[in-house]
Amino acid sequence: ICSVQMEGERYLLLFREPANRLYTPLEERLIRLLGEILFKVIERWQRQRQLEASRRELYRLSRTDPLTGLANRRYFTEVREQEGRRAQRSGEPISVLMIDVDYFKAYNDQYGHSQGDRCLVRLAEVFRHQCARAGELSVRLGGEEFAILLPTIDAEEALAVADRVRKAVFDLAIPHDGSPLGWVTVSIGCATWFGDY
């Protein structure tokens, strides 16, 4: 019988011997060492799994805005460069929507930062929902600034997406007494690039 404790749990390894088999003290010692080695291998394997899970979580966190769950600026830069190289090679367009929440400082001043955070989370859900096709990336750049990366989308299509996003935000009907319209709204700029052709 060999035992080991890992992660607060105790494990036993039992070797069953034939009924008539007697082991010498040396054989018993070797069997015990074999069991201990086996447990060390299992323990190392479990540590490797934990390290890999931690690495994946750190990688995810390094690419994600903690408030909204959207991609962050770092990941946006990385994907934008990749998509830019692809556009350069293929000559297909790549469009970007730059989004700013109108009068957001006034919103925070009037309703408080926690309410402002809830507002940003709701807007992020709209951006994620409206731009969920493969390759499209919604990003929080910081504060009340967002971007949406639209690979293979030309200027006309990008304007249609921007209008759809703008309307979806307006349809949320989030009250905003500090805005001339009385609701939370966004301003969206569009840019399209076809590579250096």
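The values are calculated or read from the model by the stated rules, or taken from the named source; none is laboratory data. Every value quoted in this text rests on a predicted model; they were computed, and no experiment measured them. A quick note on method: Cβ atoms are made from the backbone with ideal geometry, for glycine too, and the neighbour counts reach across all protein chains shown. The area values use the complete protein model at the heavy-atom level, side chains included, leaving out ligands, DNA and RNA. Shrake-Rupley method; radii C 1.70, N 1.55, O 1.52, S 1.80 Å.
Report the Cα-based extents of the chain along its three principal axes, largest first, to the nearest Å.
Projected onto the principal axes, the Cα atoms of the chain cover 91, 49, 23 Å.
Rounded to the nearest 10 Å², what accessible area does GLU157 have for a 1.4 Å probe in the complete protein model?
90
Please state the relative contact order of the chain as a whole percent: Cα pairs under 8 Å, 6+ residues apart? Write out the running numbers ahead of the final one.
Numbers: 248 pairs, mean separation 46.8, N = 197.
So the answer I get is 24 percent.
What is the distance in Å between the Cα centroid of segment 31-72 and that of segment 94-171?
Here the answer is 34 Å between Cα centres.
Measure nothing but the geometry: give the 0 to 90° angle between the long axis through the Cα atoms of 73-90 and the longest principal axis through the Cα atoms of the chain, rounded to 10°.
With rounding to tens, the tilt is 80 degrees.
Where the accessible area of the chain is counted over protein heavy atoms with a 1.4 Å probe, how much of it, in %, is carbon and sulfur? The partial results should precede the final answer.
Values: 7000 of 12840 Å².
Of all accessible area on the chain, carbon and sulfur atoms account for 54 percent.
Could you give the dipole magnitude of segment 80-139 about its Cα centre, charging the beta-carbon of Lys and Arg +1 and that of Asp and Glu -1, in debye to the nearest 20? Don't jump to the answer; show the numbers that get you there.
Details: 9 positive and 9 negative charges, 50 e Å.
Its charge dipole is roughly 240 debye.
When the chain is modelled as a GNM with alpha-carbon springs shorter than 10 Å, which of LEU33, LEU58, LEU137 fluctuates the most?
With Cα springs under 10 Å in the chain, the top fluctuation among LEU33, LEU58, LEU137 is at LEU33.
Under a 10 Å cutoff between Cα atoms, tell me which one of ASN108, ASN72, ASN20 has the largest fluctuation in the Gaussian network model of the chain.
In this elastic network of the chain, the residue with the biggest mean-square fluctuation among ASN108, ASN72, ASN20 is ASN20.
Using +1 on the beta carbon of Lys and Arg, -1 on that of Asp and Glu, and nothing else charged, what's the dipole of the chain about the Cα centre, debye to 20? Walk me through the numbers on the way to the answer.
On the way: 28 positive and 29 negative charges, 204 e Å.
For the chain, the charge dipole is close to 980 debye.
Compute the accessible area per residue over the chain, keeping the other protein chains in place, probe 1.4 Å, unit Å². Intermediate results must be reported in sequence, preceding the final value.
Values: 12840 Å² over 197 residues.
Here the residues of the chain average 65 Å² of exposed surface.
What's the Cα-based Rg to Rh of segment 15-78, Rh via Kirkwood?
Working: Rg = 23.9 Å, Rh = 16.0 Å.
Rg/Rh: 1.49.
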